[in-house]
Amino acid sequence: MLSARFWGVRGSIPCPGINTVVFGGNTACIEIRADERLIIVDMGTGIRPLGDWLMAHDLKEGPITADIFITHTHWDHIMGFPVFSPMFIPTSKFHIRGPVSYEDETLMSILSQQLSYRYWPVRLHELAAQIEYSTIHETSLDLGRGLKVVTKYLNHPILCLGYRFEYQGKSIVTAYDFEPYRNIFPVDKDDPDYDEAAAREGEATAQEENERVLQFFKGADVLIYDTHYTASEYESKKGWGHSTFEQAIISAREASIKKLICFHHDPNRTDSQLEELEDFYRTQIRHGAAAGNRTPDLLVAREGLTIEA
C-alpha cells in the first residue's frame, strides 16, 4: 500500500492560533508509507509532531529508518530539522536528499547552519542518529523493494524538485513550491524592449517546460499541488514561485489525476476561508464533470489527513 499523511500543510511561515486549528498551522511535512517503508517529504515544523508520533509508535517495533526528501532549502521547508526528536536516538538512520542552488555548498552544510550557537543550542555533531546527505538533481532513484522515486525541477526562485513516488503500480506526486512556466520576454510590440524572436522563443520554451511537468504528473493516483493563491490573487504575485487552485484543477484534468490535494496554504488563510475554498472548487469540478470533463477528487490538505493512492 502507498499512502500519504500530512503533518504540515502551510507555506512561508508557521501560523498557530485559533483560526488555524482545523487545517493546522505547521509548515510543509508529508509522511509517505510504502507498506512499512517510511519516506518523509520536507522538514518544515510539521516534522516535530511526526517525530513525536514515530517515537511513540515506530520505535517500539525497532530502530527508526527513513528516506527524507527536501523539495528545496527555503526556511519553511527545513526549519523543523533541529526539533525532529528521532535525530537524537543513536539507532535511528536517515538518508536526507535534496537540491542545492550553489554547487560550492552541500546539503549538509546548509542544514548545519541552523545548528550553530547563534541560532540554536544544539550543534550538528551532537545529533546521535546516523545521517547520510546527498545532493540530487533531476533523476530516477531505485530505493529497493519495488519503491522508485523520479524527480523533476519545478519553477521556483531557487532549485526546487517535485517528487514522484511509485510503488506496486501506485503513484504519489508532489508539486510545490511551484508556478507554471511563463514567457518572461515582452510580447507587446509597443514595449521598447520587445524583440520578436525572443518573445517567440520564450513562449515556446514555457510551453515545452509546462508540457514536461504535465508528463511528470501523468496518470498519478495522487497529486499534491501548490495552491497558495487563487487566480485573482496570483495576478500581483507572479514570479513568487507559487500556483493557484485554478491551475491545479487544469493540470489535474490534463494529466488524468485521480486525487488532487491542495497544499501549501497561505499562512493568512483561516479555517473558514479554506473550507469555503474547498466547497467552491469542488463545485467547480462537479460542473466540469457535468460538461464531460475529467474530474479528479479534490481535497484541501489538513494536518492528520491520510490519503491512499
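None of the figures in this text is laboratory data; all of them are computed from the coordinates on show. Not measured: the values here are computed from a predicted model.
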### Query
Quick one: helix 47-56 against the long Cα principal axis of the chain, what's the angle to the nearest 10°, folded into 0 to 90?
40 degrees
### Message
Between 0 and 90 degrees, rounded to the nearest ten: what's the tilt of helix 196-217 against the longest Cα principal axis of the chain?
### Response
50 degrees
### Task
Give the long-range amide H neighbours of residue 10: residues separated by 5 or more places, or on another chain, with amide H under 5 Å away, using H modelled in the peptide plane at 1.01 Å from N.
26, 27, 28, 265
### Query
Once the piece of chain linking residue 52 and residue 279 is laid out straight, how much longer is it, given 0.36 nm per residue of separation minus the C-alpha distance between them?
78.5 nm
### Message
Roughly how far apart, in whole Å, are the Cα centres of the stretch 16-89 and the stretch 213-265?
### Response
23 Å
#### Entry: Antiparallel content of DSSP bridges confined to the chain, in %, to 5
50 percent
### Task
Starting from the Cα of residue 258, draw a straight line to each of the aspartates and glutamates and keep only those under 12 Å, dropping any in the same chain fewer than 8 residues away.
221, 297, 308
### Task
Work out how much length residue 141 to residue 128 would gain on full extension: take 0.36 nm times their residue separation and subtract the Cα-Cα distance, in nm to one decimal.
2.0 nm
